[in-house]
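The values are calculated or read from the model by the stated rules, or taken from the named source; none is laboratory data. What you are looking at is a predicted structure, and each value in this text was computed from that prediction instead of being measured. Cβ: placed from backbone, ideal geometry, glycine included. Neighbour counts: every protein chain shown.
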Amino acid sequence: MAVAPSLYVHVPFCASRCAYCDFYSSTPSGPALESAAGRWLRALRTHVEFLASRFGRDGFETIYIGGGTPSWLPGDTLAEALWLIGRAARSGGREPTEWSLEANPEDVDERLIDTLLEAGVTRLSVGAQSLEEEARRLSARRGTAAETLGRLEVIAARWPGRWSVDLMFGLPGQSAEGLAEDARAVIGLGAGHVSLYELTLEDGTPLSRAAASGTVSLPDDDQRADHYEAARSRLLEAGFRRYEVSNWALDGQECAHNLRYWNLDDWLAIGPSGVGNVASGPGAFRRIVNAADLDAYCSDPSGSASESTVDGKEAAFECLMMALRTSRGLSLGSFERRFGMKAMDAFGPLHDRFPGLVRLEGDAWIATDRGLDTLNEPLVDALSSIERSWAGRSPQPV
Ligand code: SF4
């Protein structure tokens with residue numbers, strides 16, 4: 001059976017806004033949430049049907065429900081959405097190989113776990129971010145550290161599938177010792193996957209305004225490096241492997257869905273602000289961006305999306321950029337099959353030019369551990385090389 005596309009589902013609701021976040025979501029509650037979630041669900045139904053008629057009914061290889069906060073959906077809306085998504089995923093007689101859902105720990109209880117298991121969800125991605133009280137307060141995270149830890153214990157006791165925890169570093173009010181302790185706690189509870197993200201200050205967020213006005217001070221470069229090293233050491237000691245810039249896993253616990261993004265495989269997206277990517281010819285992709293506006297999305301889910309083609313040197317460079325993020329690296333053979341040009345001709349000998357950052361191993365360019373932290377340098381060089389090498393040619397598959 002041929003590999004089907006994957007599916008991303010965006011849930012645009014949260015209980016409250018975290019101070020650093022610029023993802024598309026709003027914070028209705030009570031009847032307003034019921035009503036908005038009902039509209040979102042009806043739009044989802046229309047959109048799934050549209051995508052099936054356009055791209056086929058072969059089901060989905062993997063599913064990722066993110067947001068926003070999927071676990072914040074009213075229980076019956078969530079159950080219905082899962083049923084709808086599960087039915088579409090299984091059309092064509094396949095069972096998705098992985099089905100992830102993002103949850104805020106504060107929402108996790110026995111009822112949510114039962115709903116997810118009944119639908120066939122196989123993997124939980126839990127946004128803890130930090131178990132330090134001051135870091136949570138300054139980031140406006142919902143719930144106290146003790147409550148979050150308590151819910152992680154419920155997951156450890158009741159969730160039979162794989163689960164991942166998001167932790168952040170570089171948060172105001174955070175300490176290296178605290179982050180080391182957080183990593184130790186989630187590993188001790190049995191999470192097999194940890195996403196370790198560095199805080200980025202996004203324009204227009206409350207945290208960026210607070211940092212600019214001096215009301216909140218952020219860790220400096222040395223402190224951020226200490227934070228990272230503290231978490232990294234705990235993960236390595238526990239047998240975790242860094243398989244992508246920000247993602248660590250025990251063997252067999254890698255996120256199959258995210259690997260498909262980094263490999264630029266096909267995936268469709270439903271929900272406002274979701275982005276899909278579908279091959280549209282040799283070395284070319286169709287990028288479909290859903291409206292980042294709940295009203296526009298709900299009034300016409302597919303018609304309000306914008307589409308563009310990514311091809312030629314842009315597609316080739318994106319392929320390199322995504323592949324170098326992962327420990328698999330870029331397969332030179334598959335690059336040539338995809339783009340009809342040798343990666344070495346397109347980008348120059350990256351492993352020779354940046355020996356400490358990119359190595360050639362078998363058929364692949366792989367970023368070293370240091371390279372994963374400083375991909376910018378080889379990528380800027382690769383971009384200027386491809387501007388020259390690609391001039392005047394069009395992709396020719398071999
Ligand atoms: S819960 Fe997640 S999506 Fe919602 S505001 Fe916080 S970081 Fe953003």
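Spot the failing condition for His10; the list is (1) more than 13 Å from the ligand (Cβ to nearest atom); (2) within 19 Å of Gly276 (Cα to Cα); (3) in contact (Cβ under 8 Å) with a residue 24 or more places away in the chain; (4) out of contact with any His (no Cβ under 9 Å at 6 or more places or on another chain), and only one is missed.
(1)
Within region 55-95, which residues are in contact with a strand residue (DSSP E or B) (Cβ under 9 Å, 6 or more places away or on another chain), touching a residue at least 40 places away in the same chain (Cβ under 8 Å) and not small (Gly, Ala, Ser)?
Scanning region 55-95 gives Phe55, Phe60, Glu61, Thr62, Ile63, Tyr64, Ile65, Thr69, Pro70, Trp72, Leu73, Ile85.
Could you give every pair whose Cβ atoms fall below 7 Å, whose first residue belongs to region 279-303 and is under 30 Å from Arg393 (Cα atoms), and whose second residue is of a type in the set (Asp, Glu) and outside any strand (DSSP E or B), counting only separations of at least 6 or pairs across chains?
Ala279/Asp266; Gly283/Asp311; Ala284/Asp311
Out of everything in region 123-141 that is of a type in the set (D, E, K, R) and over 26 Å from Asn258 (Cα atoms), what residue ends up being nearest to the ligand (Cβ to nearest atom)?
Arg136
Any residue at all in region 338-347 that is closer than 25 Å to Pro282 by Cα and of a type in the set (Lys, Arg)?
In the first step, residues of region 338-347 are kept if they are closer than 25 Å to Pro282 by Cα; the result is 338-347.
After this cut, where a residue has to be of a type in the set (Lys, Arg) as well, the list is 338, 342.
Yes.
Contact list please: Cβ distance under 9 Å, first residue in region 24-37 and assigned to a loop (DSSP other than H, G, I, E, B), second residue more than 13 Å from the ligand (Cβ to nearest atom) and among the polar types (S, T, N, Q), pairs at least six apart or on different chains.
Pro28/Ser35
Hey, Val310 hits all of (1) over 28 Å from His10 (Cα atoms); (2) in contact (Cβ under 8 Å) with a residue 12 or more places away in the chain but one; which does it fall short on?
So the condition that Val310 fails would be (1).
Ala52 - would you say it is in contact with a Phe, Trp or Tyr (Cβ under 9 Å, 6 or more places away or on another chain) and either away from the ligand (no atom under 16 Å from the Cβ) or hydrophobic (A, V, I, L, M, F, W, C) (or both)?
Values: in contact with a Phe, Trp or Tyr (Cβ under 9 Å, 6 or more places away or on another chain): no; either away from the ligand (no atom under 16 Å from the Cβ) or hydrophobic (A, V, I, L, M, F, W, C) (or both): yes.
No: the conditions fail for Ala52.
Are any residues in region 63-116 small (Gly, Ala, Ser), surrounded by fewer than 21 Cβ atoms within 10 Å (Cβ to Cβ), more than 13 Å from the ligand (Cβ to nearest atom) and at pLDDT 95 or above, and if so, which ones?
Passing the criteria: Gly75, Ala79, Gly86.
Where the second residue is part of a loop (DSSP other than H, G, I, E, B) and charged (D, E, K, R) and the first is over 24 Å from Leu149 (Cα atoms) and lies in region 190-210, which pairs have Cβ atoms under 8 Å and are six or more apart or on separate chains?
Glu202/Asp22; Asp203/Asp22; Gly204/Asp22; Thr205/Asp22; Pro206/Arg17; Ser208/Glu202
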